[in-house]
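Everything on this sheet refers to the single structure shown next.
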Amino acid sequence: MGYNLQVNIDKSSGFCFGVVYAIEMAEDILDNEGYLYCLGDIVHNDEEVERLTNRGLKIIDHEVLKNLRDEKVLIRAHGEAPSTYQLALENNLTLIDASCPVVLKLQNRIKNSHDDDEQVLIFGKHGHAEVIGLQGQTDGKAIVFQDLAELDNVELPAKFTLYSQTTKSTDKFYHIKDELLSRGYEVKANDTICRQVSNRYEELEDFVGHYDKIVFVSGKKSSNGKVLYDVCKKHNDNSYFISNVEELDQAWFNENDKVGICGATSTPMWLMEKVKAALEKY
């Protein structure tokens, strides 16, 4: 006796244009040359990374980059710090720059703030690829924080400029801004959150309401995956986070359940299709 699940994939889930752009650039070069170096995971999704490494993508870190000469290297959507571009010049590396335009614009704005001697604060995840690139625009002088408590022991100037990593929650950003204003600081706040990410909050709220169960598919390392899963969980308590098909559990479902599948901006559509096919076999 089958479960007879009715399964739908959220049409607005899947890769954002920054990721699509980076992967298409990589695939073009792989088709022509058979291999390509990429600085860091091209996307925060292990399954998609594996698909591309099987096609010849070689993921390297900054240590390996230092010893690489006369090669092509892809800069992924998250962007890089100025030091990476400097190193590429010294090592005669050709950079295939797939930095997302939303990130590049933010890098530029942060650099201008820093050049104008403003103290820059960045609401973002420590050690995240995008954040490292952003901090690099300020020679490492920007203060990065994941939550407000981190600022309790920091001597902040009376006046500063606040930015956000592009995939953070809009609500949290404005909450932080208001809180800092209420503490008496003069805050120049720049909401630099990507609209492709923030629009998904509303779309997801709407989507998850139509289903008995929600399966959210995302890599563990994805920042926006974390944020978007929280949105699902908030609006549908029966939401489950998985990174691959193996993590599905039949015990989550009842007969005739309507199941919605959605994912992060780094979740490939083929992976959500795979999850759908597995659920339909129950």
Could you say which residue among Arg55, Arg51 is at pLDDT 95 or above and in a loop (DSSP other than H, G, I, E, B)?
-> Arg55
Which numbered condition Val259 misses (of (1) buried (at least 22 other Cβ atoms within 10 Å of the Cβ); (2) within 24 Å of the chain's Cα centre (by Cα)) = (2)
If we ask which residues in region 81-131 are touching a residue at least 12 places away in the same chain (Cβ under 8 Å) and not in a helix (DSSP H, G or I), their number turns out to be 21
Go through (1) assigned by the TED database to the domain that holds Asp257; (2) on the phi > 0 side of the Ramachandran plot and name the single condition Gly34 misses.
-> (1)
Could you please find all residues in region 254-282 being assigned to a loop (DSSP other than H, G, I, E, B) and β-branched (Val, Ile, Thr)?
-> Thr265, Thr267
Qualifying residues in region 1-19 (those that are in contact with a Pro (Cβ under 8 Å, 6 or more places away or on another chain) and assigned to a loop (DSSP other than H, G, I, E, B)) - the one most open to solvent (accessible area, probe 1.4 Å) | Phe15
Across region 86-103, what is the total count of residues that are more than 22 Å from Asp28 (Cα to Cα) and of a type outside the set (A, V, I, L, M, F, W, C)?
-> 3
Please find, within region 232-256, the residue that is nearest to Thr167 (Cα to Cα) out of those that are polar (S, T, N, Q) and under 23 Å from the mean Cα position of the chain (by Cα).
-> Ser243
When residues of region 125-138 are filtered for being open to solvent by less than 10 Å² (accessible area, probe 1.4 Å) and at positive phi, how many remain?
-> 0
Considering residues of region 52-101 that are closer than 20 Å to Ile193 by Cβ and touching a helix residue (DSSP H, G or I) at 6+ places or on another chain (Cβ under 7 Å) only, the residue surrounded by the fewest Cβ atoms within 10 Å (Cβ to Cβ) | Cys100
Any pair with Cβ under 8 angstrom, 6 or more apart, that starts in region 132-145 at a residue that is in the same structural domain as Asp61 (by the TED database) and ends at one that is crowded, with 16+ Cβ neighbours inside 10 Å and not aromatic (Phe, Trp, Tyr) = none
Restricting attention to region 210-258, the residues that are among the hydroxyl-bearing types (Ser, Thr, Tyr), touching a residue at least 40 places away in the same chain (Cβ under 8 Å) and over 19 Å from Lys172 (Cβ atoms) number exactly 2
Quick check: is even one residue across region 224-242 of a type in the set (Gly, Ala, Ser), touching a Ser or Thr at 6+ places or on another chain (Cβ under 9 Å), open to solvent by less than 10 Å² (accessible area, probe 1.4 Å) and part of a loop (DSSP other than H, G, I, E, B)?
-> no
For Ile29: the one exception among (1) touching a residue at least 60 places away in the same chain (Cβ under 8 Å); (2) over 19 Å from the mean Cα position of the chain (by Cα); (3) under 30 Å from Arg200 (Cα atoms); (4) in a helix (DSSP H, G or I) | (3)
Among the residues of region 160-183, how many are part of a loop (DSSP other than H, G, I, E, B) and either open to solvent by less than 60 Å² (accessible area, probe 1.4 Å) or in the same structural domain as Asn236 (by the TED database) (or both)?
-> 5
Examine region 20-39 for a residue that is touching a Cys at 6+ places or on another chain (Cβ under 9 Å), open to solvent by less than 50 Å² (accessible area, probe 1.4 Å), more than 30 Å from Glu255 (Cβ to Cβ) and of a type outside the set (Gly, Ala, Ser), and state whether such a residue exists.
-> no
When both residues are 6+ apart or on different chains and their Cβ atoms are under 6 Å apart, which pairs have a first residue that lies in region 43-58 and is within 22 Å of Glu247 (Cα to Cα), and a second that is in a helix (DSSP H, G or I)?
-> Val43/Val19; Glu47/Leu271
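The values are calculated or read from the model by the stated rules, or taken from the named source; none is laboratory data. No experiment lies behind these values; they were computed from the predicted model shown. Backbone-built Cβ (ideal geometry, glycine too); neighbour counts: all protein chains shown. Keep in mind that these areas ignore ligands, DNA and RNA; they rest on the heavy atoms of the full protein, side chains included. Shrake-Rupley method; radii C 1.70, N 1.55, O 1.52, S 1.80 Å.
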